[in-house]
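Working notes, beginning with the structure itself.
The values are calculated or read from the model by the stated rules, or taken from the named source; none is laboratory data. Being a predicted model, the structure only gives us computed values, none of them experimental. Ideal geometry is used to build each Cβ from the backbone, glycine not excepted, and the neighbour counts take in all protein chains shown.
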Amino acid sequence: MTPAEQSAAALSVCRLAPVVPVLVIEDLAHAAPLAQALVAGGLPALEVTLRTPCALDAIRAMAAVPGGVVGAGTLLTPADVKAAKAAGATFGVSPGATERLLDACAEHDLPLLPGAVTASEIMALLEKGYNVLKFFPAEQSGGAAFLKSIGSPIPQVKFCPTGGIGIRNAGDYLSQKNILCVGGSWVAPKDAMARGDWAAITALAAEAAKLPRAA
Ligand code: 3PG
C-alpha cells in the first residue's frame, strides 16, 4: 500500500468523528463493552494502544463489534505492524516515523497515521506521500497554535493531534482547517472502565461526538 493510499484511508478514518478515543486496555473483558459504548456514543474510530499485554486480543475483540473501526496505536516496530494487522487492525498510529516502520506498513497493507512534530518531519513525510499525520504530544509541542502556524506554509497536510487534549481544549484544535479530528483518552477514563460504567463512557463519547469541526 503506497503512502498516498495509506493517507487516503487514514483520511476516511479521521472523517468518521471529531474524536478518536485513545485506549489503554488492561483487562480484555473490557474490550467489547468499551467498543460498544464508544460506538453507541457516536465515536466509531478507536485506537487501541499496544501498551498492555492484552492489547492485541483487545483489538481482535473490538474488531468484531458492529460499527467499530479499530486501529492499533503506539506502533514502534515492524513486528508491531505485523501483529496489529494479524489481530484485525484496519489502521495504525505511531508517535513518530522510522523507515523500518513505514516499510512495514507498506508491506503489510496497513494504513498508517505517522507522527510528526517539526516542519522538517512533516516535510519528510509529505515528500514520501503522507499528507495525514498524527501530531504528538500535541499540547507539549505547541498545541493548536503550532498547527495553525504550520498550516500557512504547508496547508496540504492535515493532522490528528493527540496528547493532553480533553473536552475543554478540543475545540481549539477542531476549529483549525488543517485538523481533521483529535485523539484522546479522556472519553474512556480508567475508573469508569474499572467500574464497568459503560453508560458514563457512552455519555462522554456523545459529548465528544457533538464537537463542531472546521476541516
Ligand atoms: C497517547 O498516545 O497517550 C495519546 O496521545 C493520548 O494522550 P492523552 O492521554 O493525553 O489523551
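Brief remarks follow.
- Checked against the criterion of being within 15 Å of Val19 (Cβ to Cβ), out of contact with any Leu (no Cβ under 8 Å at 6 or more places or on another chain) and of a type in the set (Asp, Glu), the candidates Glu139, Glu207, Glu127, Glu121 yield just one match: Glu207.
- Residue among Ser12, Ser7 that is part of a helix (DSSP H, G or I), in contact with a strand residue (DSSP E or B) (Cβ under 6 Å, 6 or more places away or on another chain) and modelled with pLDDT of 95 or more: Ser7
- Selection count, the stretch 15-34, where residues are within 16 Å of the ligand (Cβ to nearest atom) and either in a helix (DSSP H, G or I) or of a type in the set (A, V, I, L, M, F, W, C) (or both): 8
- Filtered by the rule that a residue be part of a loop (DSSP other than H, G, I, E, B) and within 17 Å of Leu133 (Cβ to Cβ), the stretch 108-117 gives Leu110, Pro111, Pro114, Ala116, Val117.
- Output for the stretch 70-107, where each listed residue is surrounded by fewer than 18 Cβ atoms within 10 Å (Cβ to Cβ) and either modelled with pLDDT under 95 or assigned to a helix (DSSP H, G or I) (or both): Pro78, Ala79, Lys82, Ala86, Glu99, Arg100, Asp103, Ala106, Glu107
- When the stretch 145-165 is filtered for residues that are surrounded by fewer than 20 Cβ atoms within 10 Å (Cβ to Cβ) and within 14 Å of the ligand (Cβ to nearest atom), only Gly164 remains.
- Hits in the stretch 35-55 (condition: hydrophobic (A, V, I, L, M, F, W, C) and either buried (at least 24 other Cβ atoms within 10 Å of the Cβ) or within 16 Å of the ligand (Cβ to nearest atom) (or both)): Ala35, Ala37, Leu38, Leu43, Ala45, Leu46, Val48, Leu50, Ala55
- Pro66 falls short on exactly one of the conditions (1) more than 16 Å from the ligand (Cβ to nearest atom); (2) within 24 Å of Tyr173 (Cβ to Cβ); (3) assigned to a loop (DSSP other than H, G, I, E, B), and that condition is (2).
- Evaluation of Ala119 against (1) surrounded by fewer than 16 Cβ atoms within 10 Å (Cβ to Cβ); (2) closer than 20 Å to Ala58 by Cβ; (3) of a type in the set (A, V, I, L, M, F, W, C); (4) away from the ligand (no atom under 16 Å from the Cβ) (one fails), failing number: (2)
So that you can scan it fast, the table gives a plain yes or no per residue for (1) within 16 Å of the ligand (Cβ to nearest atom); (2) in contact (Cβ under 8 Å) with a residue 24 or more places away in the chain; (3) acidic (Asp, Glu); (4) under 27 Å from Asp27 (Cα atoms):
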| site | (1), (2), (3), (4) |
| --- | --- |
| Leu102 | no, yes, no, no |
| Pro111 | no, yes, no, yes |
| Phe135 | yes, yes, no, no |
| Gly143 | yes, yes, no, no |
| Ile167 | yes, yes, no, yes |
| Gly171 | yes, yes, no, no |
| Lys177 | no, yes, no, no |
| Val187 | yes, yes, no, yes |
